[in-house]
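J.: Take this structure, written in structure tokens, and hold onto it; I'll ask about it next.
The values are calculated or read from the model by the stated rules, or taken from the named source; none is laboratory data. Predicted model only: the values in this text are computed from it and were never measured. Note that each Cβ is placed from the backbone with ideal geometry, even for glycine, and that neighbours are counted across all protein chains shown.
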Amino acid sequence: MTPSRSAHPRSSSATGWRAVVRPADPLARALTSATATSSFANGVFYAVSALFFTRVAGLSATTVGLGLSVAGAVGVAGALLAGWVCDAVGAHRVLLAATAVQGGALLVYVLVRDPLAFTVVACAAVGGRAVQGTARSAVLATAFPGPDRVAVRARLRVVTNVGIGLGTCAAAAALLVGSASAYAVALVATGLLALSACVPLVRLARTLPGTPGTGAPAGRPVPAPRDGGPGGGRSPLRDRRYLAVTALNAVVGLHFGVQTVGVPLWIAGHTDAPPVTVSILMVLNTVLVATLQVRASRGTHEAGRAARAVATAGALLVLACALYATAAAGGPLAAAAVLVLAAGVHALAEVRAEAGAWGLAFELADPRRAGAYQGVSQTGIAASSMVAPVVVTTVIAHGTPGWLTLGAVFALAGALTVVVVRVAVRSPRPTPLDAVPLAPAAR
């Protein structure tokens, strides 16, 4: 019998930064390399893209916003459909293809000069990124046992945050020069970096070929088909409890919109804190997430503990929202101090919410349809990201009552997650992958 990846004990026991940046397990190492490169490229892109599109490509801010909205909708659909494709052809193959598509789209951005072209390229870039998310989660779900897949996912998130931060810093060179050529060079570099993330994935595809029709790497357990799709199993679209948990997670996920859109607007329009506070809060969040995410994820491979982590996050978000609202009442120094405290609480909520969401997405899924289930989970994330700016800005426009209402919604979603999960874990569970006879490895 071919051993599962749990035969590599160091993949779960290694600790410290070395385990994060260069894990012992070869699959985790390949995913880490690809994630680091992609995240660095995204950091550069986030810093220079808006200025390139408006100052160099000549597009209006309205055009850019509309194009990205259309692309967001494509991303939602892509995240869902990618799950079924992962089950049919292998998740790591889909991950490689999506990485190539996104990298190519980022590279083509430099040629965009009209609204239609921008929208088409944006759909490819955003759609590719959404498919990447589903495929990466499906790889983790099929290639690692419970404790390891949550731990690896946590480490990948640390790498993502650090990579984006470093990419943003690197983009400062183009921002300081401020010329059209500098922005164009930065954008081309972004595309090339994103494409280079394919290299470790190509190596991965050669060493761990997937078994067609299952989405699992060679040597992973493959159940006999029963119902619902290429690899058998239940369709996630008929799993009401999984859909409920996904929807609740999407509600809690609105807190990312608070961080990236709501707080900057609140600082600028409703507090006396200096504008530089926005940057300080972003740096603080990056540092705290990088430091705490792995530790916050321990134990959340168990569904009950994962649900309680989400509930804890909801309670912390109530406090964070109240503190954000309070910042409007003080002078510059007091407001800045309260905002820093709020951002710290928010970061604690973030790492617990993410850890809980990963555990639930993996543990409540039917392992025979790993790709389809992860596709549904990632669709919830994509939908949350798409609507968050509108929801958050609308709510906080009502001031303190709006902030308190938003906090109450987070707390309610977290509490309901515990209720739904308690019902779900009492129901008959699908057969675990490790308990199913192995199919022959693909040649």
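J.: What helices (runs of 4 or more DSSP H) completely inside segment 115-178 contain at least 1 residues that are among the basic types (Lys, Arg) and buried (at least 22 other Cβ atoms within 10 Å of the Cβ)?
T.: Numbers: elements: 115-143, 146-170, 172-177.
Output list reads 115-143, 146-170.
J.: Of ARG295, ARG308, ARG234, which residue is charged (D, E, K, R) and surrounded by fewer than 19 Cβ atoms within 10 Å (Cβ to Cβ)? Spell out how you get there, then give the answer.
T.: On the way: ARG308 fails: surrounded by fewer than 19 Cβ atoms within 10 Å (Cβ to Cβ); ARG234 fails: surrounded by fewer than 19 Cβ atoms within 10 Å (Cβ to Cβ).
Selected residue: ARG295, the only one of ARG295, ARG308, ARG234 that is charged (D, E, K, R) and surrounded by fewer than 19 Cβ atoms within 10 Å (Cβ to Cβ).
J.: Then there's this: I need the full set of residues from segment 47-100 which are in contact (Cβ under 8 Å) with a residue 12 or more places away in the chain and not in a helix (DSSP H, G or I), in order please.
T.: The answer is ALA57, GLY58, LEU59, GLY90.
J.: When you scan segment 19-56, how many residues do you find that are over 22 Å from VAL139 (Cα atoms) and not assigned by TED's automatic domain parsing to the domain that holds VAL108?
T.: Qualifying residue count for the region: 0.
J.: Another question, then. Can you go through ALA306, ALA325, ALA311 and tell me which one is part of a helix (DSSP H, G or I), within 18 Å of the chain's Cα centre (by Cα) and assigned by TED's automatic domain parsing to the domain that holds GLY380? Steps first, answer last, please.
T.: Values: ALA325 fails: within 18 Å of the chain's Cα centre (by Cα); ALA311 fails: within 18 Å of the chain's Cα centre (by Cα).
None of the other options fit; the residue is ALA306.
J.: Go through VAL159, VAL139, VAL152, VAL131 for me and flag whichever is of a type in the set (Val, Ile, Thr) and modelled with pLDDT of 95 or more. If you could, list the steps in order and put the result at the bottom.
T.: Details: VAL159 fails: modelled with pLDDT of 95 or more; VAL139 fails: modelled with pLDDT of 95 or more; VAL152 fails: modelled with pLDDT of 95 or more.
So the residue among VAL159, VAL139, VAL152, VAL131 that is of a type in the set (Val, Ile, Thr) and modelled with pLDDT of 95 or more is VAL131.
J.: Scan segment 24-40 and give yes if some residue there is in contact (Cβ under 8 Å) with a residue 60 or more places away in the chain, in a helix (DSSP H, G or I) and more than 21 Å from ALA91 (Cβ to Cβ), otherwise no.
T.: Looking for residues that are in contact (Cβ under 8 Å) with a residue 60 or more places away in the chain, in a helix (DSSP H, G or I) and more than 21 Å from ALA91 (Cβ to Cβ), one finds at least one in segment 24-40, hence yes.
J.: A further question follows. Please state which one of VAL283, VAL251, VAL276, VAL338 is at pLDDT 95 or above, more than 18 Å from the chain's Cα centre (by Cα) and surrounded by fewer than 22 Cβ atoms within 10 Å (Cβ to Cβ).
T.: Residue meeting the stated conditions: VAL338.
J.: Something else now. It is to be established whether one or more residues within segment 350-361 are assigned to a helix (DSSP H, G or I) and surrounded by fewer than 24 Cβ atoms within 10 Å (Cβ to Cβ).
T.: Quick first cut of segment 350-361, residues assigned to a helix (DSSP H, G or I) only: 350-361.
Filter once more, so that each one left must be surrounded by fewer than 24 Cβ atoms within 10 Å (Cβ to Cβ): none.
Checking segment 350-361: not a single residue is assigned to a helix (DSSP H, G or I) and surrounded by fewer than 24 Cβ atoms within 10 Å (Cβ to Cβ).
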